[in-house]
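Heads up, the thing below is written out as structure tokens.
The values are calculated or read from the model by the stated rules, or taken from the named source; none is laboratory data. Predicted model, so just to flag it, every value in this text is computed and none were measured. Surface accessibility is based on the protein's heavy atoms, side chains included, excluding ligands, DNA and RNA. Shrake-Rupley method; radii C 1.70, N 1.55, O 1.52, S 1.80 Å.
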Amino acid sequence: MMKGDATHERAGWREIVALPEFGIARLRAKIDTGARTSALHASDLENFERDGQPWVRFRLICEDGVNRLCEAPRVARRMITSSNGESQERLIVKTTLSMGTQVFRAEFSLADRSDMLFPMLVGRTALRRRFLVDSAKSFLLPEPVCTKETP
């Protein structure tokens, strides 16, 4: 065990998380230390400005068939290389992520994940200095503490 590991929560390769700013209290996520950037399954992306700042409106698609219209400030556009080796320019947003007992801001690329089992992928940038991942286990974290639904 490395110095400081005692403060990290143990996560499995899949966990239940929450996105309180988008009104999502419970969402299955794949925890992927091989991916640098986290990703959300989104469709109908629409860029717009609010108070002179770039924003994006999108439909967040959950595995239960529920989809929610969300808006977030656009942080960037980045080239993301997927697991199949293809590069694609994606919009990046930042929002609050609740995992286990931790609530923090994380960046997500907005992508079509319709061919994936999980609508969310949590990458190593979000995990760093917060979680130790046990790839042989699932659902090690307690339900998210931040489950407040928003309209």
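Taking the DSSP beta bridges with both ends in the stretch 26-147, the antiparallel portion is around 80 percent. Length gained on full extension, ARG78 to PHE104, computed as 0.36 nm times the residue gap minus the Cα-Cα distance: 7.2 nm. Taking amide H atoms as placed 1.01 Å from N in the peptide plane, the amide H of ILE31 lies under 5 Å from those of ARG14, GLU15, VAL122, each 5 or more residues away in sequence or on another chain.
Evaluating 6.51 cos²θ - 1.76 cosθ + 1.60 at θ = phi - 60° for every residue in the stretch 64-73, the Karplus couplings come out as 8, x, 6, 10, 10, 6, 10, 9, 8, x Hz, glycine and proline recorded as x. Computed over the stretch 1-117, the alpha-carbon pair-distance distribution with 5 angstrom bins reads 2, 9, 20, 23, 20, 13, 7, 4, 1, 0, each value a whole percent.
Net length available on complete extension from GLU86 to LEU45 is 12.7 nm, with 0.36 nm assigned per residue and the Cα-Cα distance removed. Output the relative contact order of the stretch 5-151, whole-number percent, from Cα pairs under 8 angstrom with separation of 6+ residues. After rounding, I find 40 percent.
Sort the stretch 71-151 into rounded, prolate or oblate with this rule: let a ≥ b ≥ c be the square roots of the eigenvalues of the Cα gyration tensor; rounded if a/c is under 1.5, and if a/c is not under 1.5, prolate when a/b is larger than b/c, oblate otherwise. Here the stretch 71-151 falls in the oblate category. The amide H of ARG10, built 1.01 Å from its N in the peptide plane, has LEU132 as neighbours under 5 Å, considering only residues 5 or more places off or on other chains.
Each residue was assigned an accessible area with a 1.4 Å probe, and for ASP44 the value is about 110 Å². Annotation: amide H-H contacts under 5 Å for GLY23 (H modelled 1.01 Å from N, sequence separation of 5 or more, or interchain): THR150.
Residue-normalised convex hull volume from the C-alpha trace of the stretch 51-110: 125 Å³ per residue.
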